[in-house]
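S.K.: Mind looking over this structure? Questions follow.
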């Protein structure tokens, strides 16, 4: 297995001053987590400023930068959108697609997520494809069916273990402080991997992240679970100390 990936999603938070402050804090502690890969997805407005700050502090090779979303097209009359190529141009190497907040707030279905993931691969980005069930779907016993549908419908053609990551984020756990049971997380990750095996070779080495109220206090338990290859961190990624504490809790891998 490749190194654990700890990815931070800043969502719609942060100004240029925050990019400078967090880069400084990351530089002070990143040497303590050599056993993991780190990625931060700030707002699009901060991709380049954060990248510059990481370079200035000598840690650009230790902290990758990603976008939080991309359009399926290279360019065009799409006011307010950003293409995968634009993210690359700003210095990004990853992009998150299909986050539940995009699926819910913007009505994005699996076909749209797949098109965006394919745009990411076209541009040379690593696609972080998000899947997850709602509270109602979990109560109805539909979790594995929902995940299978989302994985099969959202993974891009041409997906490999090097250009695609899957993030399992139960919608009801995002930002609520709630997490599924450890057995539920293991079952969900196993189901995702089983479905992905039909589309990705060497699926044992596919990185599947867990997301949903990951914080320093529960990171060690979550990251030790079978089939969990890292974390997609929301609120706790806004403070470098918390983000690095989560990374430090990850098990070492070759």
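S.K.: Evaluate the stretch 60-82: report whether one residue or more is part of a helix (DSSP H, G or I) and farther than 22 Å from residue 200 by Cα.
M.R.: Of the stretch 60-82, the ones part of a helix (DSSP H, G or I) are none.
There is no residue in the stretch 60-82 that is part of a helix (DSSP H, G or I) and farther than 22 Å from residue 200 by Cα.
S.K.: Among the residues of the stretch 201-254, which ones are in a loop (DSSP other than H, G, I, E, B), out of contact with any helix residue (DSSP H, G or I) (no Cβ under 9 Å at 6 or more places or on another chain) and buried (at least 22 other Cβ atoms within 10 Å of the Cβ)?
M.R.: 207, 234
S.K.: Identify the single condition in (1) closer than 25 Å to residue 208 by Cβ; (2) free of Cβ contacts under 8 Å to residues at least 40 places away in the same chain that residue 20 does not satisfy, given that it satisfies every other one.
M.R.: Every condition holds for residue 20 apart from (1).
S.K.: While we're on this one: Just checking, which of 161, 165, 151, 186 is modelled with pLDDT of 95 or more, surrounded by fewer than 19 Cβ atoms within 10 Å (Cβ to Cβ) and either in a strand (DSSP E or B) or touching a helix residue (DSSP H, G or I) at 6+ places or on another chain (Cβ under 9 Å) (or both)? Reasoning before the result, please.
M.R.: Details: 165 fails: surrounded by fewer than 19 Cβ atoms within 10 Å (Cβ to Cβ); 151 fails: surrounded by fewer than 19 Cβ atoms within 10 Å (Cβ to Cβ); 186 fails: either in a strand (DSSP E or B) or touching a helix residue (DSSP H, G or I) at 6+ places or on another chain (Cβ under 9 Å) (or both).
Checking each option against the conditions leaves just 161.
S.K.: Then there is this: Return yes or no: is residue 35 in contact with a strand residue (DSSP E or B) (Cβ under 9 Å, 6 or more places away or on another chain), touching a residue at least 40 places away in the same chain (Cβ under 8 Å) and surrounded by fewer than 19 Cβ atoms within 10 Å (Cβ to Cβ)? First the steps, then the outcome.
M.R.: Working: in contact with a strand residue (DSSP E or B) (Cβ under 9 Å, 6 or more places away or on another chain): yes; touching a residue at least 40 places away in the same chain (Cβ under 8 Å): yes; surrounded by fewer than 19 Cβ atoms within 10 Å (Cβ to Cβ): yes.
When the stated conditions are applied, residue 35 passes them.
S.K.: For the condition over 26 Å from residue 19 (Cα atoms), surrounded by fewer than 20 Cβ atoms within 10 Å (Cβ to Cβ), at pLDDT 95 or above and in contact with a strand residue (DSSP E or B) (Cβ under 6 Å, 6 or more places away or on another chain), what is the one hit in 74, 113?
M.R.: Values: 113 fails: surrounded by fewer than 20 Cβ atoms within 10 Å (Cβ to Cβ).
74 is the lone residue from the list that is over 26 Å from residue 19 (Cα atoms), surrounded by fewer than 20 Cβ atoms within 10 Å (Cβ to Cβ), at pLDDT 95 or above and in contact with a strand residue (DSSP E or B) (Cβ under 6 Å, 6 or more places away or on another chain).
S.K.: Would you mention how many residues in the stretch 168-182 are touching a helix residue (DSSP H, G or I) at 6+ places or on another chain (Cβ under 7 Å) and farther than 18 Å from residue 226 by Cβ?
M.R.: The number of residues fulfilling the criteria is 6.
S.K.: Just give me the residues in the stretch 120-148 being closer than 17 Å to residue 203 by Cα and either in a helix (DSSP H, G or I) or at pLDDT below 95 (or both), in sequence order.
M.R.: 147, 148
S.K.: At pLDDT 95 or above, touching a helix residue (DSSP H, G or I) at 6+ places or on another chain (Cβ under 6 Å) and surrounded by fewer than 17 Cβ atoms within 10 Å (Cβ to Cβ), is that true of residue 79? Working first, answer last.
M.R.: Details: at pLDDT 95 or above: yes; touching a helix residue (DSSP H, G or I) at 6+ places or on another chain (Cβ under 6 Å): no; surrounded by fewer than 17 Cβ atoms within 10 Å (Cβ to Cβ): yes.
Against the criterion (at pLDDT 95 or above, touching a helix residue (DSSP H, G or I) at 6+ places or on another chain (Cβ under 6 Å) and surrounded by fewer than 17 Cβ atoms within 10 Å (Cβ to Cβ)), residue 79 does not qualify.
S.K.: Here is a further query. Within the set of pairs 6+ apart or on separate chains, which have a first residue in the stretch 178-191 that is at positive phi, a second that is assigned to a helix (DSSP H, G or I) and surrounded by 19 or more Cβ atoms within 10 Å (Cβ to Cβ), and C-beta atoms under 7 Å apart?
M.R.: Cβ pairs passing all conditions: none.
S.K.: Within the stretch 168-183, track down each residue that is surrounded by fewer than 16 Cβ atoms within 10 Å (Cβ to Cβ) and under 17 Å from the mean Cα position of the chain (by Cα).
M.R.: If we filter the stretch 168-183 for residues that are surrounded by fewer than 16 Cβ atoms within 10 Å (Cβ to Cβ), which is where we start, we get 175-178, 181-183.
Matches in the stretch 168-183: 175 only.
S.K.: Name the pairs: first residue in the stretch 105-119 and part of a helix (DSSP H, G or I), second residue surrounded by fewer than 22 Cβ atoms within 10 Å (Cβ to Cβ), Cβ to Cβ under 6 Å, at least 6 apart or on different chains?
M.R.: 110/153; 115/72; 116/72; 119/72
The values are calculated or read from the model by the stated rules, or taken from the named source; none is laboratory data. It should be emphasised that the depicted structure is a prediction, and the values quoted were computed from it without experimental measurement. Neighbour counts run over all protein chains shown; Cβ positions are idealised from the backbone, glycine included.
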